[in-house]
1. With a 1.4 Å probe and every protein chain kept in, tell me what percent of the accessible surface of region 436-542 is carbon plus sulfur.
2. How large is the Rg to Rh ratio of region 437-590 when both quantities use alpha carbon positions and Rh follows Kirkwood?
3. Excluding Ile413 itself, what net charge comes from residues whose Cβ is under 15 Å from its Cβ, given Lys and Arg +1 and Asp and Glu -1?
4. About its Cα centre, how strong a charge dipole does region 223-321 have in debye, to the nearest 20, once Lys and Arg get +1 and Asp and Glu get -1 at the Cβ?
5. Which of the aspartates and glutamates could be linked to Lys473 by a straight reach, that is with a Cα gap under 20 Å, when you skip same-chain ones fewer than 8 residues away?
6. Once the principal axes of the Cα atoms of region 509-576 are found, what is the range along each, listed largest first in whole angstroms?
7. Quick one: net charge around Leu513, please, counting Lys, Arg +1 and Asp, Glu -1 for every other residue with C-beta under 14 Å from its C-beta.
8. Add +1 for every Lys or Arg and -1 for every Asp or Glu among the other residues with Cβ under 12 Å from the Cβ of Val247, and state the total.
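The values are calculated or read from the model by the stated rules, or taken from the named source; none is laboratory data. Small disclaimer: the values here were computed from a predicted structure and weren't measured. Every residue, glycine among them, receives a Cβ derived from its backbone with ideal geometry; neighbour counts consider all protein chains shown. Accessible surface areas use protein heavy atoms only, side chains included; no ligands, DNA or RNA. Shrake-Rupley method; radii C 1.70, N 1.55, O 1.52, S 1.80 Å.
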Amino acid sequence: MGHRARHPRRPGHRADLPLRPQRARVGGGAPGAHAAGPRAHLRPHGGQHLPRRRPSRSAVPHAPRGRVGRLPDPDPGPLPLQRRHPPRRRRHRCTRLQRRPQDPRRPQGPPVIVDGTVGVLGEDQLEAVHERAMTILEDIGVEIRQEAACRLLAAEGQKVEDSRVRLDRHFVEAMVARAPERFTLRARNPDRSVTLGGGSLVHTPSGGAPFCSDLERGRRDGTLADHVELVKLAHAAPVLRCQQSGVVEANDLDDRSRHLDMDYTVLRWSDKPYICYGGSGSRAADAVDLAAVIAGGREALERDAWIVGVVNSNSPLVWDRAMVDALTVWAEANQAIAITPFLLVGATAPLGLAGGLAQQVAEALAGLALAQLIRPGVPCVFGSFLSAVDMRSGGPAFGMPGGVLGTLAGGQIARRYGVPYRGGGGLCSGMTVDAQSATESLNMLWATYLSGCDLVLHAAGWLEAGLTTSYEKLALDVEVLSMFEAMREGIITDEEHFAIDTIREEGPGGMFLAAPHTLEHFRDWVWMSPLFRSDAHANWVKRGSPDAGQVATQAWHRLLDGYEDPGIDAGTDAELVACVERARRRIGAA
């Protein structure tokens, strides 16, 4: 029994497919029966030896679908047996090359490039998104679950039924036109104030994470000490021009009052502008009170934007009480508001970027219109936080094509309405500082820069879909952002950079490495990253064979060691502390 008995072929069985080509014999010999093998007459290609490769089930000459398979031979010989039953559905995932042909409805043209930004929507597509958003606002409406806001909108002639509000497009457009195209965000140190608008790319560290991690201490619940340390790291990084309160949650403090401590530590240990803590009307009011101390009083505060507050709609199409309360407080104080729907296409938005964009615009413009109705001219930022869903887990898939396209489209949409744009960031879904996290974050950062973002939250340190702020990731992101900033400078084309005299001196076959021109300028003109080195393997081994995580650990330590306390006026500091204590007593927290 040296051979197993062959079972009869069943209709539709794999044996009905073309037989697998046999491996060619090794060695020479004249072509013919011996070269082709004794079973050549059973092969579909007339005995020719082809590369050993499993043919696709659909790679038969009459297959109608354009899947990847072996091209038919010019002289195919006898045709293979045809299927008598349709093939069973594949249980495994198809590869990207095997997917369906390009949808003819998908635009095939080049990206839209305007004033140094890259867009993915043509003018007609941009208007189509706007029209669908207006349809959502007029026909479907949004839920605004705060009675005062509903009364205010009803007084303006908008249709209000319980908490369902339908907004007239002319009203929305008139309200949006009140928002400034750009504004200045003031800092405790006037030299660090920033302008938002015109593609200003103001970066902040990550925020809102309950955990933090580094390779030395591991992943852990955030504490106030971690928060202070991360604030100092962000202050020491020049590319992070804005702070964010809550860069990691201070879980060791009472959750009713820890927002006060986090806002205070930002103001004490940094003199950069900042994104304040929010989440409710009372917390927003506390942030305003602290900012008023820095500004020199409530009246001085209301003349300029000293803080940015972030509000998120509860997608789909809901503005809940907590967010509307916070928006109202900041609008009344004339403080900037980043109005940012958080959409996951396929979960909190329809599966399809077009529908997600229309819903995003509807939600954002509803919030923006309400803010302008409360206080005309209050600075508002159009926020985009649109991502796909990993349908295997239900979690956000950051850094994937959907998020990149959504960020690029968001920039076009914000410019259409003439307001600053918040989008992008170093977002990723990876669990550790590895190639996945680096790839996803880099995808998002390219979109951030090409879309013309003005305010970039979570630009550095984001890990684990935002659940963790990583020290190593922050150091790596800061380095990558510095590279992007160097690229923004472009190419200088003056005579010194053309270096024609140096080319003339060296001539054909010359070497510029030791040329006086090179020695004079290489320190200023050549970007040499302190983290990413081009080195010989032997030198790398001598340095201990460090991987990216180890290099990043050294980098954040250097950054923290280089932190310099900006100091604070003793009277101002005492007033901030008193403000915190008054709020703590009001809350009833220890």
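1. Carbon plus sulfur share of accessible area: 61 percent.
2. Rounded to two decimals, Rg over Rh is 1.13.
3. -4
4. 260 debye
5. Qualifying aspartates and glutamates at Cα under 20 Å: Asp214, Glu216, Asp221, Asp226, Glu229, Glu249, Asp434, Glu440, Glu464, Glu485, Asp547, Asp561.
6. Principal-axis extents of region 509-576 (Cα, largest first): 69, 33, 13 Å.
7. -3
8. Overall, the nearby charge balance is -3.
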